[in-house]
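To start, the structure under review is shown below, and the notes come after it.
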Amino acid sequence: MKRLAVLALLLLGACAAPPPEGPPVRTVASVDLQRYLGTWYEIARLPNSFQDGGSRRCVETTATYALRPDGQVGVTNRCVDAGAGNAEAVATARAYAVEGSGNARLRVTFFWPFYGDYWVIGLDPDYRWAVVGTPSRNFLWVLSRTPRMTEGDYAAAIGTAAAQGFDIARLQPTPQLAR
């Protein structure tokens with residue numbers, strides 16, 4: 001648990017990096033939080049220290065979002081740590097939508113007072129997949145409602161990220177169980 005807290009701190013610190021030169025990252029116009037709630041499977045990600053640092057190697061990664069009684073969003077991230085004998089790693093957080101963002105920009109904290117950005121930059125009209133990134137372009141996740149995406153949906157998601165200046169050549173697939 002202590003290792004997970006340290007890794008979450010590293011994530012949040014990295015999310016606070018200043019945005020790179022060039023056009024700013026754009027989010028989708030709006031996100032219907034009720035439709036966004038539930039479980040998402042991570043299909044691919046840019047390597048990062050809290051999922052890929054040291055001996056950690058997260059596979060079978062999911063993120064589950066639930067509305068909290070205080071109106072914020074509860075976040076539960078789970079993965080199987082292939083670097084730790086396939087032990088389950090769980091991190092919980094809470095998030096709130098940035099005012100005026102149409103719920104497309106969330107601020108997430110794994111422990112107060114540290115917050116990180118979670119921007120929905122691509123979203124299938126039927127909420128089958130989403131692309132989430134940060135303004136620094138250092139973090140990117142491709143998410144799906146199912147453990148696998150069709151080639152067409154994956155290409156659309158990746159195209160969204162590439163159009164926003166993310167280095168998609170660095171994307172690594174996230175192995176999921178055959179379900």
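Structural remarks
- Failed item in (1) under 15 Å from the mean Cα position of the chain (by Cα); (2) at pLDDT below 90; (3) open to solvent by 50 Å² or more (accessible area, probe 1.4 Å), with ARG78 passing the rest: (2)
- Just one of the listed residues (ALA63, ALA89, ALA93) is in a strand (DSSP E or B), at pLDDT below 95 and either more than 15 Å from the chain's Cα centre (by Cα) or among the aliphatic types (A, V, I, L, M) (or both), namely ALA89.
- Taking region 97-179 as the region of interest, the strands (runs of 3 or more DSSP E) fully inside it that hold 1 or more residues being of a type in the set (S, T, N, Q) and open to solvent by less than 40 Å² (accessible area, probe 1.4 Å) are 105-111, 140-144.
- Residues that are in contact (Cβ under 8 Å) with a residue 24 or more places away in the chain and open to solvent by 40 Å² or more (accessible area, probe 1.4 Å) were ranked within region 57-70; the one that is nearest to ALA130 (Cα to Cα) is THR64.
- Residue selected from region 42-56 under the condition assigned to a loop (DSSP other than H, G, I, E, B), in contact (Cβ under 8 Å) with a residue 60 or more places away in the chain and open to solvent by less than 40 Å² (accessible area, probe 1.4 Å), by the criterion farthest from LEU140 (Cα to Cα): ASN48
- Among (1) surrounded by 20 or more Cβ atoms within 10 Å (Cβ to Cβ); (2) modelled with pLDDT of 95 or more; (3) under 21 Å from CYS58 (Cα atoms) - the single one VAL73 does not satisfy: (3)
- Tally of residues being out of contact with any Pro (no Cβ under 6 Å at 6 or more places or on another chain) and under 23 Å from ARG148 (Cα atoms) across region 57-82: 17
The values are calculated or read from the model by the stated rules, or taken from the named source; none is laboratory data. Note that the structure is predicted; figures quoted are calculated from it, not measured. All Cβ positions, even for glycine, are placed from backbone atoms using ideal geometry, and neighbour counts span all protein chains on display. With ligands, DNA and RNA removed, areas are computed over all heavy atoms of the protein, side chains included. Shrake-Rupley method; radii C 1.70, N 1.55, O 1.52, S 1.80 Å.
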